[in-house]
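Peer 1: My questions will all concern the structure given below.
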Amino acid sequence: MTVIASNKSAAAFPFACEYIRIKALTIPMLLVTFSLSGAYRGYKDLMRPLLASTTATLVKMLMDYVFLVVYKMGVSGAAWSDVVSKGTSVSILLFFLVCAPPPPQPLYHAL
């Protein structure tokens, strides 16, 4: 606690720790999202990652309202809404990969 400069910062420290602990759950989801988005870019399919990202953003906005305003969860509610939105993005990309895989591209381009 000696690194913290003021009493206000010291009071916020437990909330920051709680936020980081919950937010750390999104790290594996981010890795999967980045790799699947890159794979779709390799297939020249930009619509599926865009759809997943847009849906995750809308889910984040909705969950922020629900967790912060309705349930009054505070900082942990903001972190949990991010976990839910990242999970939504991964779920959508995995659904597209399993149920509707992108068409194979040729290994070379005709000149």
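The values are calculated or read from the model by the stated rules, or taken from the named source; none is laboratory data. Small disclaimer: the values here were computed from a predicted structure and weren't measured. Don't worry about glycine lacking a Cβ; one is built from the backbone with ideal geometry, like all the others, and counts go over all protein chains shown.
Peer 1: Which of the residues spanning segment 54-103 are among the aromatic types (Phe, Trp, Tyr) and over 20 Å from Leu31 (Cβ atoms)? Please lay out each step first, then the result.
Peer 2: First, the residues of segment 54-103 that are among the aromatic types (Phe, Trp, Tyr): 65, 67, 71, 80, 95-96.
Scanning segment 54-103 gives Tyr65, Phe67, Tyr71.
Peer 1: Any residue at all in segment 23-41 that is more than 30 Å from Pro102 (Cα to Cα) and surrounded by 13 or more Cβ atoms within 10 Å (Cβ to Cβ)?
Peer 2: Keep residues of segment 23-41 that are more than 30 Å from Pro102 (Cα to Cα), which gives 23-24.
Imposing the further condition that a residue be surrounded by 13 or more Cβ atoms within 10 Å (Cβ to Cβ) reduces the set to 23.
So far as segment 23-41 goes, yes, one or more of its residues are more than 30 Å from Pro102 (Cα to Cα) and surrounded by 13 or more Cβ atoms within 10 Å (Cβ to Cβ).
Peer 1: Scan Phe95, Phe67 and give me the residue that is without any contact (Cβ under 8 Å) to a residue 24 or more places away in the chain and crowded, with 18+ Cβ neighbours inside 10 Å. Can you show your working first?
Peer 2: Details: Phe95 fails: crowded, with 18+ Cβ neighbours inside 10 Å.
Matching residue, one of Phe95, Phe67: Phe67.
Peer 1: Within segment 1-23, how many residues turn out to be among the aliphatic types (A, V, I, L, M), part of a helix (DSSP H, G or I) and at pLDDT below 90?
Peer 2: Just the residues of segment 1-23 that are among the aliphatic types (A, V, I, L, M), to begin with: 1, 3-5, 10-12, 16, 20, 22.
After this cut, where a residue has to be part of a helix (DSSP H, G or I) as well, the list is 10-12, 16, 20, 22.
Subsequent filtering for residues that are at pLDDT below 90 retains 10-12.
Of the residues in that region, 3 qualify.
Peer 1: Contact list please: Cβ distance under 6 Å, first residue in segment 10-21 and within 12 Å of Gly74 (Cα to Cα) and aromatic (Phe, Trp, Tyr), second residue assigned to a helix (DSSP H, G or I) and at pLDDT 90 or above, pairs at least six apart or on different chains.
Peer 2: Phe15/Val75; Tyr19/Val75; Tyr19/Ala79
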